[in-house]
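What follows is a single structure, written as structure tokens, with notes after it.
The values are calculated or read from the model by the stated rules, or taken from the named source; none is laboratory data. All values reported here derive from a predicted model rather than from experimental measurement. In this analysis, Cβ positions are derived from the backbone assuming ideal geometry, glycine residues included, and neighbour counts consider all displayed protein chains. The area values use the complete protein model at the heavy-atom level, side chains included, leaving out ligands, DNA and RNA. Shrake-Rupley method; radii C 1.70, N 1.55, O 1.52, S 1.80 Å.
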Amino acid sequence: MQNTPQIITKVYDFLIYLIPQIEKFPRSQRYLLGERLEMASFDVLEILLEACYSQTKLPLLRQANIKLEKIRYFVRLCKDLKLISLNRYEVISQKVNEIGVQLGGWIKQQSARS
């Protein structure tokens, strides 16, 4: 996996951190908010993997960007509902922001090419 773009690795590492946090949610939220957050995160990974191998990357990258924005709101909701601690919220937010910066750079690069 040495040719894997860094953003893919960041999303993968984000999932490694996030999944155990979601497993700690109360049952009522694990299958509602937790599942939505988890699925949106998996969607970002899948869309970025598709973009790596696609000729037309920009539409996929924009789609991933929208999913990432949804993740931001889901994570904020988790914090406000006290499903995650403020400390964990900061860690998760930092990871999401790092992914966002890299995704923004990739979108900018692809926009310049078109």
Heavy atoms of the protein only, probe of 1.4 Å, neighbouring chains included. What is the accessible area of Asp13 in Å², nearest 10?
80
Taking 90-99, 3-12 and ranking on average Cβ neighbours within 10 Å, highest first, one gets 90-99, 3-12
How much accessible area per residue does the chain have, in Å², with a 1.4 Å probe?
64
Which links in Lys24/Lys67; Lys10/Lys108; Lys82/Lys108; Lys79/Lys108 stretch past 29 Å when you go from one Cα to the other?
Lys82/Lys108; Lys79/Lys108
Let me check against my output: what whole-number percent is the relative contact order of the range 36-85, with C-alpha pairs under 8 Å and at least 6 apart?
41
Under a Cβ-only charge scheme (Lys and Arg +1, Asp and Glu -1), can you give me the dipole magnitude of the chain about the Cα centre, in debye to the nearest 20?
280
For the chain, modelled as a GNM with alpha-carbon contacts under 10 angstrom, which of Ala64, Ala51, Ala40 fluctuates the most?
Ala51
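Pull out the extension gain between Ile16 and Leu77, defined as 0.36 nm times the separation in residues minus the alpha carbon to alpha carbon distance; nm, one decimal. List each step's numbers first, then the result.
Values: separation 61, 0.36 × 61 = 21.96 nm, distance 2.01 nm.
Computed gain between Ile16 and Leu77 is 19.9 nm.
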Compute the distance in nm between two label points, each set 7 Å from the Cα along the Cα-to-Cβ direction, one at Gln55 and one at Val101.
3.5
Here are several values of P(r) over Cα pairs in 10 Å bins from 0, in percent: (1) 14, 47, 27, 11, 1; (2) 16, 49, 31, 4, 0; (3) 13, 37, 30, 15, 5, 0. Which one was derived from the coordinates shown?
(1)
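Given a cut-off of under 8 Å on Cα pairs at least six residues apart, what relative contact order in percent is computed for the chain?
On the way: 88 pairs, mean separation 34.8, N = 114.
It comes to 30 percent, rounded to a whole number.
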Ignoring ligands, DNA and RNA, what percent of the 1.4 Å accessible area of the chain is carbon and sulfur?
53
